[in-house]
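Student: Got a structure for you, written out below as structure tokens; questions coming shortly.
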Amino acid sequence: MPELARSPRTIRRYRNETIFRWLCVCAIGITAIFLVFLLANLTIKAIPALTQKTITLAIKIDPEKVDAANVAAGDFPAFLKDSISAEFPETTDKSEIKKLAKLISSSVVEDLQRKVTAQPSLIGQTISVNAPLTADADSFLKGIQATVSPTGDNSEFEEAALQTLQKQGKIQSPFAWSLLTNGDSRAPEKAGLLGAFMGSLYIILITLVLALPLGVSAALYLEEFARKNRFTDLVEVNINNLAAVPSIIFGLLGLAVFLNIFGLPRSSPLVGGLVLALLVLPTIIIASRAALRSVPPSIKEAALGVGASHQQAIFHHVLPLAMPGILTGTILGVARALGESAPLLMIGMVAFIADVPTKITDAATALPVQVYLWSSLPEAAFRSRTSVAILALLIMLLCFNALAIWLRKRFERRW
């Protein structure tokens, strides 16, 4: 035995095993390094979008410029100009005052008008408003861009004004709640993820409701009830082939069938859910069949032996035991659908949608499409928001995968 342990063949085998083990460790390490680098890069780029530079303004609702009977016709931009000019009493030139007002986000005027419309008693009073700055002013103060104006034209006055306000401590950096509570917007400081999140949520719910029962039913029929003949062989081959079809083909199918033939609403979560249900259906069928095969045949044979029918043996014994594997495969398939953008682009979900969808037939977009839209915009502030959207998508995917792992660990049985 000692001679065998010291033989050249044994030494060479142990050396090869050691080299292979270290190669595997190196592969895992390199993968982990790339993953950490990706997440760190996204996090660093996303940090500027998590805060929003604001300034507290005392805005007087002048009754001479707004009528309680017709609040919408009030001159609310003038209220903002008067308030910001009060911060710089030495500035009297109207063009410079207009430049100062343009440093404040247009959402301030809109919110002020809504507030006064809801409470006409505010007319004649002075209210305190935490006004967000524009994306360019915000990016300048955060050091993302060198000038207030991306073109650098005549921005010295605005830059000096912002620096003065910052030195005086009048500019705050609270958390950018608008990023979580607003829909999409052309103005970066007003753009949020809520619309895309709700669109993705509706799409995934529709995909799950349609694909799970259809996929499990098809798997049960093919595995337990269908006769083995050329037809079932053809169906199985096509299901395996469909699982490898590029996702954009399903988008073309949805465009041709659901939109052009059935006339369903374009850019709606309903159509997106139908298309993604077709996309993940082969994956669910394959995973469900594998889960059904993993149940020991002795369980079904024992049920048949005590007098149960074939249907009772399947639905009362085999299916419940295979359900953890079925759910795991389903969740992983739905997680794949969550990250798809090509099918959604084909059915029009790439359109700019500012409103948050409230039902499945409303126009909407999804998180992967929102990433695509924001990444193609030139404003510097949208780049950090793109990173936040990517992180939000990764968190949702992580949650789905964690749920799949939990289900497998929670219900898995060893035979």
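Student: Within region 364-394, track down each residue that is modelled with pLDDT of 90 or more and outside any helix (DSSP H, G or I).
Tutor: Ala364, Thr365, Ala366 - these are the residues of region 364-394 that are modelled with pLDDT of 90 or more and outside any helix (DSSP H, G or I).
Student: Moving on to the next point. Please give the number of the condition Thr207 fails out of (1) modelled with pLDDT under 90; (2) in the same structural domain as Ala342 (by TED's automatic domain parsing); (3) within 20 Å of the chain's Cα centre (by Cα); (4) of a type outside the set (D, E, K, R).
Tutor: It fails just one condition, (1).
Student: Still on this model: Any residue at all in region 80-88 that is in a loop (DSSP other than H, G, I, E, B) and of a type in the set (S, T, N, Q)?
Tutor: no
Student: Turning to a different aspect of this structure: Quick one: would you say Ala40 is under 30 Å from Ser178 (Cα atoms), surrounded by 10 or more Cβ atoms within 10 Å (Cβ to Cβ) and not assigned by TED's automatic domain parsing to the domain that holds Ile395?
Tutor: Considered against the rule, which asks whether it is under 30 Å from Ser178 (Cα atoms), surrounded by 10 or more Cβ atoms within 10 Å (Cβ to Cβ) and not assigned by TED's automatic domain parsing to the domain that holds Ile395, Ala40 comes out as yes.
Student: Show the residue pairs that are 6+ apart or on different chains and have beta-carbon atoms under 6 Å apart, the first residue being within region 395-415 and part of a helix (DSSP H, G or I), the second being surrounded by 14 or more Cβ atoms within 10 Å (Cβ to Cβ) and at pLDDT below 75.
Tutor: The qualifying pairs do not exist here.
Student: If you check every pair at least six apart or on different chains, which have Cβ atoms under 7 Å apart with a residue in region 379-390 that is within 19 Å of Asp136 (Cβ to Cβ) and not assigned by TED's automatic domain parsing to the domain that holds Gln145 first and a residue that is in a helix (DSSP H, G or I) and of a type in the set (Ser, Thr, Tyr) second?
Tutor: Ala380/Ser139; Ala381/Ser139; Thr386/Ser375
Student: Still on this model: Restricting to region 237-257, name every residue that is assigned to a helix (DSSP H, G or I) and surrounded by fewer than 17 Cβ atoms within 10 Å (Cβ to Cβ).
Tutor: Val237, Asn238, Asn240, Asn241, Ile248, Ile249, Leu252, Ala256, Val257
Student: For Leu319, indicate whether it is part of a helix (DSSP H, G or I), assigned by TED's automatic domain parsing to the domain that holds Ala243 and closer than 16 Å to Gly215 by Cβ.
Tutor: So Leu319 passes the test.
Student: Are any of the residues in region 199-220 in a loop (DSSP other than H, G, I, E, B) and of a type in the set (Phe, Trp, Tyr)?
Tutor: no
Student: Now for a separate question. Take the conditions in contact with a Ser or Thr (Cβ under 9 Å, 6 or more places away or on another chain), surrounded by fewer than 19 Cβ atoms within 10 Å (Cβ to Cβ) and of a type in the set (Lys, Arg) and apply them to Lys142. Does it pass?
Tutor: So Lys142 fits the description; yes.
Student: Taking the residues in region 155-176 that are outside any helix (DSSP H, G or I) and without any contact (Cβ under 8 Å) to a residue 40 or more places away in the chain as candidates, determine which candidate is surrounded by the fewest Cβ atoms within 10 Å (Cβ to Cβ).
Tutor: Among residues in region 155-176 that are outside any helix (DSSP H, G or I) and without any contact (Cβ under 8 Å) to a residue 40 or more places away in the chain, the one surrounded by the fewest Cβ atoms within 10 Å (Cβ to Cβ) is Gly169.
Student: Can you name every residue in region 258-298 that is crowded, with 21+ Cβ neighbours inside 10 Å and of a type in the set (Phe, Trp, Tyr)?
Tutor: Hit for region 258-298 is Phe258, nothing else.
The values are calculated or read from the model by the stated rules, or taken from the named source; none is laboratory data. Because the structure is a prediction, the values reported are computed rather than measured. For neighbour counting, all protein chains shown are included, and Cβ atoms are generated from backbone atoms with ideal geometry for every residue, glycine included.
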